[in-house]
2 protein chains.
Amino acid sequence: MDTVSNHENMQQCRDRDAMAAKLAALSHPARLKILQHLAEVEACCCKDVVDRLHLAQSTVSQHLKVLVESGLVRFTPDNRRSRYEVDGDEVRALAESVNGLLTSCCGLPAGEDAD
Amino acid sequence: MDTVSNHENMQQCRDRDAMAAKLAALSHPARLKILQHLAEVEACCCKDVVDRLHLAQSTVSQHLKVLVESGLVRFTPDNRRSRYEVDGDEVRALAESVNGLLTSCCGLPAGEDAD
DNA sequence: ATCGTATATCGCCGATATACGATGGATACC
DNA sequence: GGTATCCATCGTATATCGGCGATATACGAT
């Protein structure tokens with residue numbers, strides 16, 4: 001079983017890793033708040049976020065970095081201010097993935113397919 | 001701003017904390033895998049999971065505990081074997097919450113309005 | 001050139017997460 | 001009784017996280 005069906009397993013594994021990584025980026029209240037704020041204001045710089053959260057600038061910068069590295073937030077190094085904005089496509093894709101996984105975990109009255 | 005709208009802020013804050021906590025429970029590949037397995041087999045004991053993941057029994061037990069504490073998995077101390085099963089209501093509720101939040105964050109595909 | 005602002009990064013720490021083996025309790029089976 | 005199995009928990013080691021202050025960098029304004 002370790003020998004044959006490795007392709008699918010590997011792929012599933014990667015998917016899980018990828019999803020887990022993105023969920024990890026969302027698993028902190030501050031980052032959820034930042035994401036919501038970014039969505040509300042379209043795009044903003046680091047200081048805007050600092051002014052809204054009760055966190056040091058360095059901490060906010062870290063959280064923003066985590067969000068950017070997760071791919072859910074896009075970063076444009078504007079001249080002086082930075083520009084952070086939600087990556088709608090990424091977020092939408094994640095929403096679908098999460099929805100799919102969770103739905104397959106809770107619904108599925110009877111005969112189901114699973115991935 | 002600190003004086004008036006505290007109720008909503010507190011509530012939002014709690015919601016965020018709660019969601020972040022549940023997402024944290026899902027932010028590990030092993031736990032995602034466990035959740036999927038639990039969904040597939042309806043319910044199972046710890047050893048079943050151990051046999052399927054390449055992890056020590058104690059580690060699996062820990063992951064199961066995290067899932068149970070998050071509320072997404074229910075635990076019934078059967079006589080000898082433990083019984084773990086997905087809590088469909090909880091998972092469904094989380095799916096809705098996540099979907100709501102992410103959808104409100106990703107620009108809403110075809111220009112509909114948020115909540 | 002100097003100052004002020006905005007930002008990222010570094011160094012540090014306490015806290016938490018992850019993994020394992022070992023232990024002991026409970027239950028089943030002989 | 002004795003033995004095997006299942007499981008949770010403890011102890012331990014390591015890695016990562018989350019937060020902050022301090023510092024470096026970049027740039028506009030004076």
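Every read-out reported here was derived from the displayed coordinates using simple, explicitly stated rules and does not represent laboratory data. What you see is a predicted model, and the numbers here were worked out from it, not measured in a lab. Ideal geometry is used to build each Cβ from the backbone, glycine not excepted, and the neighbour counts take in all protein chains shown.
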* Structure fact -> Across B:23-31, the residue-averaged tally of Cβ atoms belonging to other chains within 10 Å stands at 6
* Structure fact -> Measuring from the longest principal axis of the C-alpha atoms of chain B, the long axis of helix B:29-41 (C-alpha) lies at a number of degrees, nearest 10, equal to 70
* Asked: Using the scaling law 2.2 N^0.38 Å as the reference, what is the normalised Cα Rg of the protein assembly as shown?
  -> 1.12
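Could you work out the mean count of beta carbons from other protein chains within 10 Å of each residue's beta carbon in B:10-22?
3
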* Rounded to a whole number, what is D in µm²/s for chain A from Stokes-Einstein with the Kirkwood radius over alpha-carbon pairs (25 °C, 0.890 mPa s)? -> 153
* In debye, nearest 20: dipole of chain B around its Cα centre with unit charges on the Cβ of K, R (+) and D, E (-)? -> 800
* Which residue, B:Gln12, B:Gln62, B:Gln36, has the most motion in a Gaussian network model of chain B that connects Cα atoms within less than 10 Å? -> B:Gln12
* Structure fact -> Restricting to lysines and to Cα separations under 29 Å from A:Lys65, and discarding same-chain partners fewer than 8 apart, the set is A:Lys22, A:Lys33, A:Lys47, B:Lys22, B:Lys33
* To do: As a check on your grasp of the helix formula, calculate [θ] at 222 nm for chain A: sum -39500 (n - 2.57) over DSSP H runs of n ≥ 4, divide by the residue count, round to the nearest 500.
  => -20500 deg cm²/dmol
* Structure fact -> Where a ≥ b ≥ c are root eigenvalues of the Cα gyration tensor, a/c under 1.5 meaning rounded, otherwise prolate if a/b exceeds b/c and oblate otherwise, segment A:19-59 counts as oblate
* Asked: Taking GluC sites (Glu not before Pro) that fall in a DSSP loop and have at most 14 other Cβ atoms within 10 Å as cut points, what is the longest piece of chain A between them?
  -> A:43-111
